[in-house]
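The values are calculated or read from the model by the stated rules, or taken from the named source; none is laboratory data. These figures come from a predicted structure and were not determined experimentally. Cβ atoms come from the backbone with ideal geometry, glycine included; neighbour counts cover every protein chain shown.
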Amino acid sequence: MSASAPTASSLPSLHDFFAPGGVLSRSSLPYEFRRGQLEMAQAVERAFHDNRHLIVEAGTGTGKTLAYLLPALRARAATGRRVIISTGTKNLQEQLFFKDVPFLESLVGPLRVCYMKGRANYLCRHKLFALRNQPILSGLEEISQYQAIADWEKTTESGDRAEIDDLPETSVLWARLDARSEACLGQTCPDYGRCFITEMRRRAAESDVVIVNHHLFFADMAVRQSAGGAPDAGVLPEAGVVIFDEAHELEDVASSYFGIGLSNLRFEDLARDVESLLRAKGELKAEIVTAAQTIRERARMFFASLPTRIAHGDRGHSGDARMPFTDREEFLETHGDVYLGLLNALHRMEGELERLRASEESQPLRRRTGMVREQLKFLMESQDRNTVFWLERRGGRQSSTHLQATPIDVSQLLRELLFRNYPSVVLTSATLTVQGGFTHIRKRLGLDEGRELVVPSHFRYERQALLYLPPEMPDPREPEFQDEAAKRIRRMIDITRGRAFCLFTSYQQMRELYERLLAEVAYPLLLQGTAPRKALLEEFRQTPNAVLFGTSSFWQGVDVQGDALSCVIVDRLPFAVPSDPVVQARMRAIEEAGGKPFFEYQVPSAVIALKQGFGRLIRSLDDRGVLMLLDPRLERQRYGRIFLESLPPYRITRNIADVETFFANEARSPSSLN
């Protein structure tokens, strides 16, 4: 957004903006003074002024977006320090930029704000032009997609793939045309002046506030770290303040970007890009064609020789299979020749590309080849004690095998690269505390010093929501649990007349119960995986009395207000899969340090996940509905008290008649609940 920079005097004070009779009360939105919103805004502003870190749990309905947006703008105006706001999802990122920022502008005047996505979201014009005359498009679908992208390129200003409505999320062609840095020519590119990444960087450099998502923030931080802090290594501009919304996701996102991963597809992509980019320049020599084919063959042999045993229960939420790779030394003793063959093939390609020194295309490709070779060497030979090595086999249109290395503990990395590098970092989410405290999240993220604030939700949970704990449920680990779960879900859906989310901790359990209830329930049932998440949510909103079955991706970042969602059913306490290689390694590390991994890691993580899942139900002051948890361990196990003490103050019942009464009174107006 182009505008002159607002000054400290042109922006209202926090009290003048949020207080009764203030700027916000005179807006077009329904206004109700929220003391917690003003309290949070004041805490954020003090943290910026004092160069302190701050962690805030702001319950749903607080209005936390405005509570950090206005202080961010005031801090920029007062200190000149740019502010980066990082969100957990692209949906929230776009809501901030396209909804919340324009609303704030309508009250305080023009603002200089931009938003940035990861490079893979943007088109690389150079790749598009290079592919134009090459007969390597496979099938009518790819040809049609290429033509649509080529036509769109002539008119788009941003190059953001989100503008192409009918481009499939899984488009293989897009992955060959996007602007990921590993194939970027930088300033030597003939299309550099018209590059969408260059333009995005320019907008960011001119902005006071830059809105990103966690994936981009940590990808950028990891790139800078690997480049030794070189200023041009990343895409994000310099900033003095960072605000993380949905901060409960930081550990997992940071772990994925400070780790390393290679798949069989990565080698196929490398060989293909070498051939296509050099062919477009007329520099594809026979030696390079041979080297590329050798990489393909050696990579296929290497990935085919990796262990294949996947124990029962090692499948994650998506159904993909994971296993630890703890016997790398034994693997190298048996298959060392296959591994060395792949390393040598990469080394040979580097040499062939080095001989094309005058070529603009060859040197970025050489660096990319060298990076892949170094990553492969780390994955197979590193003895880093803070890293867990594991394998994942993914299905889908392109089945693939992934060799992964993930940090076991990212707290020290975040301590040094985040909290010591930025004068002020604000962490906020509706779900950060366990039993009212921040001990767990602070320890996992390495936040040693910082102020704390808990802002209760503006909602009246004790009147708006009812938590039903069905009696006499078997333990989820017992075989009869599925039968009982099906009966209770069917009964609840009959009472609520559909309008429910059924949230599961296992992809397999979700599918089994969905297929079982499909013939027994009279309401429309929607299943995760049958369509993109965004499309499923829209169908749920538009379909009367629908029931949606989902796993992890529907536990958070989903907002359905009104009667369309009147019930959230959770099958079991959302403990992380104990056989997951990363979970195993983290629990082992806590145990070796003398701690209690179940209570220090598993329980707190599950508490936050459950709070997220239950948080789908009440999204406004007019919402009301029932939560049902089918897991009896909440009441039978000692740790159940930790969950109950961490949840909002729901009314709790064990009597299904109370649920029937709750919905029998549904016709009452919201005002009668006050």
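Of note:
- Only one entry in GLU169, GLU141 is within 27 Å of the chain's Cα centre (by Cα), at pLDDT below 80 and surrounded by fewer than 16 Cβ atoms within 10 Å (Cβ to Cβ), namely GLU169.
- Any hit, region 566-587, residues being more than 23 Å from the chain's Cα centre (by Cα), more than 21 Å from LEU503 (Cα to Cα) and either in a loop (DSSP other than H, G, I, E, B) or not aliphatic (A, V, I, L, M) (or both): no
- Some residue of region 81-100 being surrounded by fewer than 20 Cβ atoms within 10 Å (Cβ to Cβ), touching a residue at least 12 places away in the same chain (Cβ under 8 Å) and among the basic types (Lys, Arg): yes
- Check on THR530, hydroxyl-bearing (Ser, Thr, Tyr), surrounded by 22 or more Cβ atoms within 10 Å (Cβ to Cβ) and at pLDDT below 95: no
- Close pairs (7 angstrom Cβ cut-off, 6 or more residues apart or separate chains): touching a residue at least 24 places away in the same chain (Cβ under 8 Å) in region 23-45, of a type in the set (D, E, K, R) anywhere: VAL23/ASP16; MET40/LYS64; ALA43/ARG451; GLU45/ARG74
Here is a yes/no grid of residues against (1) in a strand (DSSP E or B); (2) free of Cβ contacts under 8 Å to residues at least 12 places away in the same chain; (3) more than 23 Å from the chain's Cα centre (by Cα):
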{"residue": "PHE501", "(1), (2), (3)": "yes, no, no"}
{"residue": "THR530", "(1), (2), (3)": "no, yes, no"}
{"residue": "LEU537", "(1), (2), (3)": "no, no, no"}
{"residue": "VAL603", "(1), (2), (3)": "no, no, no"}
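- Residues of region 448-486 that turn out to be in a loop (DSSP other than H, G, I, E, B), over 24 Å from PHE575 (Cα atoms) and either over 28 Å from the mean Cα position of the chain (by Cα) or not charged (D, E, K, R) (or both), as a count: 6
- Residues of region 9-45 that turn out to be loosely packed, with under 14 Cβ neighbours inside 10 Å and either modelled with pLDDT of 95 or more or not in a loop (DSSP other than H, G, I, E, B) (or both), as a count: 4
- The set of residues in region 499-525 being of a type in the set (Gly, Ala, Ser) and surrounded by fewer than 17 Cβ atoms within 10 Å (Cβ to Cβ) consists of ALA519, ALA522.
- HIS53 vs. criteria surrounded by fewer than 16 Cβ atoms within 10 Å (Cβ to Cβ), farther than 30 Å from CYS195 by Cα and not aliphatic (A, V, I, L, M): no
- Helices (runs of 4 or more DSSP H) within region 329-447 that include 1 or more residues touching a His at 6+ places or on another chain (Cβ under 8 Å): 362-381, 439-445
- Counting only residues that are assigned to a loop (DSSP other than H, G, I, E, B) and either among the hydrophobic types (A, V, I, L, M, F, W, C) or surrounded by 19 or more Cβ atoms within 10 Å (Cβ to Cβ) (or both), region 588-601 holds 1 of them.
- Looking only at region 364-418, and only at residues there that are of a type in the set (A, V, I, L, M, F, W, C) and surrounded by fewer than 18 Cβ atoms within 10 Å (Cβ to Cβ), the one that is modelled with the lowest pLDDT: MET371
- 2 or more residues closer than 30 Å to LEU11 by Cβ and of a type in the set (D, E, K, R): qualifying helices (runs of 4 or more DSSP H) within region 97-205: 196-205
- Residue count for region 533-565, restricted to those that are within 20 Å of ALA609 (Cα to Cα), crowded, with 17+ Cβ neighbours inside 10 Å and among the small types (Gly, Ala, Ser): 3
- Pair list, Cβ < 6 Å and 6+ apart or interchain, from region 482-498 residues that are surrounded by fewer than 18 Cβ atoms within 10 Å (Cβ to Cβ) to residues that are among the polar types (S, T, N, Q): ARG497/ASN545
- For GLU249, the requirement of being over 18 Å from ARG176 (Cβ atoms), part of a helix (DSSP H, G or I) and outside the structural domain of LEU343 (by TED's automatic domain parsing) is met.
- Selected residue (criterion: farthest from the chain's Cα centre (by Cα)) from residues of region 24-80 that are among the aromatic types (Phe, Trp, Tyr) and under 22 Å from VAL241 (Cβ atoms): PHE48
Okay, residues lined up against (1) at pLDDT 95 or above; (2) more than 27 Å from PRO471 (Cβ to Cβ); (3) in contact with a helix residue (DSSP H, G or I) (Cβ under 8 Å, 6 or more places away or on another chain); (4) not assigned by TED's automatic domain parsing to the domain that holds ASP327:
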| position | (1), (2), (3), (4) |
| --- | --- |
| VAL577 | no, yes, yes, yes |
| GLU591 | yes, yes, yes, yes |
| VAL603 | yes, no, yes, yes |
| ARG616 | no, no, yes, yes |
| VAL626 | yes, no, yes, yes |
| VAL659 | yes, no, yes, yes |
